[in-house]
Amino acid sequence: MSITFENKTFHLRSSGSSLVMQVTSSGYLAHLYYGHALPDGDYRFETLAPVLPQGSFFPNPPQEDELVSLATAMMEYPCYGTGDFRPSAIAAVGADGSPAVDLRYVSHRIYAGKPAIPGLPATYAAEQDADTLEIDMQDHTGLVVTLIYTAFRDYPVITRSVRAENRGSHTITLERIYSSATDFPTSNYDLLHLWGSWAMERTPERTPLTHGGQRISSLRGSSGHIHNPFAALVEKDASEEMGEVFGFSLVYSGSFAIETEVDSLGQTRILCGINPDGFGWQLQPGEKFDTPETVMVYSDQGIGGMSRTYHKLYSRHLIRGPWRDRDRPIIINNWEATYFGFNEEKLLEIARAAAPLGIEMLVMDDGWFGRRDDDHSSLGDWYVDQNKLPLGLGHLSDELHKLGMQMGIWFEPEMISPDSDLYRAHPDWALQLPGRPNSPARWQYVLDMSRQDVQDYLFERISDILSCAKIEYVKWDFNRNLTEVGSALLPPERQKEVGHRYMLGLYALLERLLNAFPDLLLEGCSGGGGRFDPGMLYYSPQIWTSDDTDPIERLTIQYGTSIVYPPSSMSAHVSASPNHQTGRVTSLNTRGVVAMGGSFGYELDISKLSDSEKSEIADQIRQYHEYAPIIRDGSYYRLMNSHEAGAWEIVSDDGKTVLVGYVSVLVRVVNVRILKLRGLDENARYLDPASGLVYTGGALMHGGLNLSLLNLRDREAVMIKLVRVD
Ligand code: GLA
């Protein structure tokens, strides 16, 4: 890891990747290179990024400059309206009314460590683990833009964010301010991204880049089910385990956009950040604005190599607090067991059946507050429903703890039901636009999280609940998206700020709660995995992956989620069969094997199960305790996800244990099943304690495990453990 500045050229090196840029004679910051780490050397236009041809439709900069034309040059942070016709990273309206920006280099600083981003989640690093470069660029309006880069010592990771400051004497309105822009000299890439919908989140899609623009985005005020704030450029001939891949992951949970553009010369630009649509931000003289962070990962080991870097980075430098390094509790959640129809006795019946099997925590889901017998009312009224819990939360929690279990509780803090005491008292607390009725979704509106009084109310209600009983876990849900995004407190000229101010308010509340309750385990949720993003992971080390708990469906959902997110972040539960979403029948074993691909738990009425099912659950739990540290800290390999089977592998950090999950989805008459493993030591020997067979790593990786003999039928699964024996 190093950052140097020689002959007006910056060279940032993380372990495995380099980014090179050059200050030109008239102060532009030109992009020269991003990719595999380069050795020390003399890097400039002539040796790394020769200037491309130009003509009358490619304007020259006002001063003679080695760039020749901003319309063809690779730019580090391209500006709107001053000669670069491709999508720009920044547009800002100054006193002259134009959104044009022209940024020129002023100064820079290089230092050890990584700064936090005020008010926003971000990766973190100790001084010895990363170096940071800040480059100040200035426009004649007094707009100073600081480009902030951090290179990590142990990972091929470079993070980027941007700070804008108004050092002029007039208001400047930011119309777009992306967190990163990255130019590549070719378009020899496919675009990989994760799309989906409710109950079908994060399906990988790989398509060729096309001339002109492609865009992955959300306008929902949330990252959303439909697109994830992630995209990768994958070299045409790269695959799961081979070739070059460039990942871009945005640490943000609100409306985002990732745009690509291939220009007429075949160059590619990719931009990531807050969605410019509907966004605007006024900077008064002296004010600053910080963007979220883009995490750029370079891999020369295919998509899998990129994923493993994201997994390690997010497990160790994004997830924080005591739960980063601790085994998560094995949970039983009552949602699919009871839905809204429960009382204390029913919950305790479930707990009494669960505790002896080793389940460690009962999570009481939606319905414990207000008059919440269905989803038509009461969000915002965070007071216990005396009909369901006449003895209060303290009593329920005491009874659970007497059984040796911890307690978790469900909240949906950002919401307000029109039918609630809170809404009757404070209709102005909902997001709203003057003269327009609010659009309901699931009979609820969204609170205006940009308001301090709303944040204070929620802090007071949630801390009150968490203090009145021993509650170790909160499931933080979010079951609709934002519409009529306006705040009753802000003037008209600031209404375009509300979407981002909402996120700042949410993050501030989460931060305040975690400071007050540092041991609290938060699980994120949004109608399943509708807000499964790095921003939320900073606060909640695990997120409910999907409302679809069918193990066969989950194979694809967990496969896609693992493209960016570590297995420990994917909350995965064994639910009832037939499955409530699909009606599909699967064995308890199959449901267990699939749920063990993430942070494990149960979500069914365990009190209704037979003794043999209960003893199978006790076995699963014993197994999971052994596997949990491997799942949390190990290296994850996606082996397959086809209509015939799904398979994955986790190799423990010390290389001594290998877990392989395999699910036979559809049996064929000719049913040869060979599974080649990855990430082993060729020459080491691995024992399968179940069969007594010993394999070499080479045989497992190149010959493969022959699973044909197991004769697995449709929807049957197996979890294989291998132990290194020399
Ligand atoms: C969302 C969640 C579910 C459950 C319900 C409760 O849909 O994803 O797990 O908590 O809300 O209303």
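Looking at the range 693-703, can you tell me whether even one residue there is among the small types (Gly, Ala, Ser) and buried (at least 18 other Cβ atoms within 10 Å of the Cβ)? Yes, some residue in the range 693-703 is among the small types (Gly, Ala, Ser) and buried (at least 18 other Cβ atoms within 10 Å of the Cβ). If the condition is being within 16 Å of the ligand (Cβ to nearest atom) and over 17 Å from Gly394 (Cα atoms), then the range 343-366 contributes Ile350, Asp366. Could you say which residue among Gly380, Gly408, Gly404 is within 16 Å of the ligand (Cβ to nearest atom) and part of a loop (DSSP other than H, G, I, E, B)? None of the others qualify; the one that does is Gly380. Here Gly367 passes the criteria (1) under 30 Å from Tyr502 (Cα atoms); (2) part of a strand (DSSP E or B) except the one numbered (2).
In the set (1) within 16 Å of the ligand (Cβ to nearest atom); (2) touching a residue at least 60 places away in the same chain (Cβ under 8 Å); (3) of a type in the set (A, V, I, L, M, F, W, C), Leu522 fails one condition alone, (2).
As a summary of the residue check, Arg372 satisfies the conditions (1) of a type outside the set (Asp, Glu); (2) touching a strand residue (DSSP E or B) at 6+ places or on another chain (Cβ under 8 Å); (3) open to solvent by less than 30 Å² (accessible area, probe 1.4 Å); (4) within 16 Å of the ligand (Cβ to nearest atom) except for the one numbered (2). Within the set Tyr149, Tyr124, Tyr155, Tyr111, the sole residue that is more than 21 Å from Ile258 (Cα to Cα) and assigned to a strand (DSSP E or B) turns out to be Tyr111. For first residues located in the range 693-714 and of a type in the set (Ser, Thr, Tyr), partners that are open to solvent by 80 Å² or more (accessible area, probe 1.4 Å) and lie 6+ apart or on another chain with Cβ distances below 8 Å form the pairs Tyr695/Arg685; Thr696/Glu682; Thr696/Asn683; Thr696/Arg685; Ser708/Val672; Ser708/Ile674.
If you go through the range 540-565 and keep only what is more than 16 Å from the ligand (Cβ to nearest atom) and in a loop (DSSP other than H, G, I, E, B), you end up with Pro541, Ser562, Ile563, Val564, Tyr565.
Which residues, taken from the range 488-515, are touching a helix residue (DSSP H, G or I) at 6+ places or on another chain (Cβ under 7 Å) and crowded, with 20+ Cβ neighbours inside 10 Å? Passing the criteria: Gly505, Leu509, Leu513.
A residue that is closer than 21 Å to Val251 by Cβ and more than 16 Å from the ligand (Cβ to nearest atom) cannot be found anywhere in the range 465-481. Applying the condition of being open to solvent by less than 20 Å² (accessible area, probe 1.4 Å) and not in a strand (DSSP E or B) to the range 169-206 and asking which residue is farthest from Gly286 (Cα to Cα) yields Ala199. For first residues located in the range 25-38 and at pLDDT 95 or above, partners that are among the basic types (Lys, Arg) and surrounded by fewer than 20 Cβ atoms within 10 Å (Cβ to Cβ) and lie 6+ apart or on another chain with Cβ distances below 8 Å form the pairs Ser26/Arg104; Gly27/Arg104; Tyr28/Arg104; Leu32/Arg44. Within the range 310-338, the set of residues being β-branched (Val, Ile, Thr) and under 20 Å from the mean Cα position of the chain (by Cα) comprises Ile319 only. Taken over the range 99-120, the residue count meeting the criterion of being open to solvent by 40 Å² or more (accessible area, probe 1.4 Å) and either among the β-branched types (Val, Ile, Thr) or more than 25 Å from Lys8 (Cβ to Cβ) (or both) is 5. When the range 420-442 is limited to residues that are surrounded by fewer than 16 Cβ atoms within 10 Å (Cβ to Cβ) and within 16 Å of the ligand (Cβ to nearest atom), the one that is farthest from Gly530 (Cα to Cα) turns out to be Pro440.
The values are calculated or read from the model by the stated rules, or taken from the named source; none is laboratory data. Just so you know, these numbers come straight off a predicted model, no measurement behind them. Reconstructed Cβ throughout: ideal geometry from the backbone, glycine too, with neighbour counts over all protein chains shown. Areas reflect the complete protein model, heavy atoms only, side chains present, ligands, DNA and RNA absent. Shrake-Rupley method; radii C 1.70, N 1.55, O 1.52, S 1.80 Å.
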